[in-house]
């Protein structure tokens, strides 16, 4: 695994103003991707966007879509989000019947294939299959709601995953999502993350562009150290 020349910042629109989505998307032109949380009120106790809203975001976003599916039966539904044109589609390992087959299908459609793990899910079963995925998302909160506190107890898991990716020479992206801010991003970067989802740390800032640049700089410093 080689670290990116610049850490990737994916603002989460879960923290955006839904009534002004097009304007909110325009504010994050300096980001690498926009993180779109799809929740079905079954896999997690919250309900957000469906395919129609994601299609509209896809049509108006100045940056590629990183869709995070917190839904039941992703084997059935995830390919549809790839077909909408999302650059990256991540499903939960805990919800998938056949994670490897689903990842292969997403790639065949033209999307990057990501797999996410909740805090209590071990990452060791993924070690033999790192190259089947383009991205592995380590949740640093319980999925379902934005604004939760960062869980530092997930850093050893992330470090084990990063060490294994490095040992195998894998280029899989290691993403973290949950409580990422200027105060916590260095911990995640030091543990091996190269891709960072940030909600309120970006959309809650007076200067969104400066917030994105600040997060990227803090992660880059941690990588160098």
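The values are calculated or read from the model by the stated rules, or taken from the named source; none is laboratory data. Quick caveat: nothing in here was measured; it's all calculated off a predicted structure. Note that each Cβ is placed from the backbone with ideal geometry, even for glycine, and that neighbours are counted across all protein chains shown.
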Notebook entry, point to check: With respect to the numbered conditions (1) out of contact with any helix residue (DSSP H, G or I) (no Cβ under 7 Å at 6 or more places or on another chain); (2) buried (at least 16 other Cβ atoms within 10 Å of the Cβ), which one is the sole condition not fulfilled by residue 67?
Noted result: (1)
Notebook entry, point to check: Given the structure, is residue 181 within 17 Å of residue 16 (Cβ to Cβ), outside any helix (DSSP H, G or I) and either modelled with pLDDT under 95 or touching a helix residue (DSSP H, G or I) at 6+ places or on another chain (Cβ under 9 Å) (or both)?
Noted result: yes
Next item on the list: Could you check, for the stretch 14-23, whether at least one of its residues is without any contact (Cβ under 8 Å) to a residue 60 or more places away in the chain, closer than 23 Å to residue 82 by Cβ and surrounded by 19 or more Cβ atoms within 10 Å (Cβ to Cβ)?
Entry: no
Notebook entry, point to check: Scanning the stretch 73-108 for residues that are under 14 Å from residue 50 (Cα atoms) and in contact with a strand residue (DSSP E or B) (Cβ under 6 Å, 6 or more places away or on another chain), which turns out surrounded by the fewest Cβ atoms within 10 Å (Cβ to Cβ)?
Noted result: 82
Check: Looking only at residues in the stretch 186-202 that are part of a helix (DSSP H, G or I) and free of Cβ contacts under 8 Å to residues at least 60 places away in the same chain, which one is farthest from residue 222 (Cα to Cα)?
Finding: 201
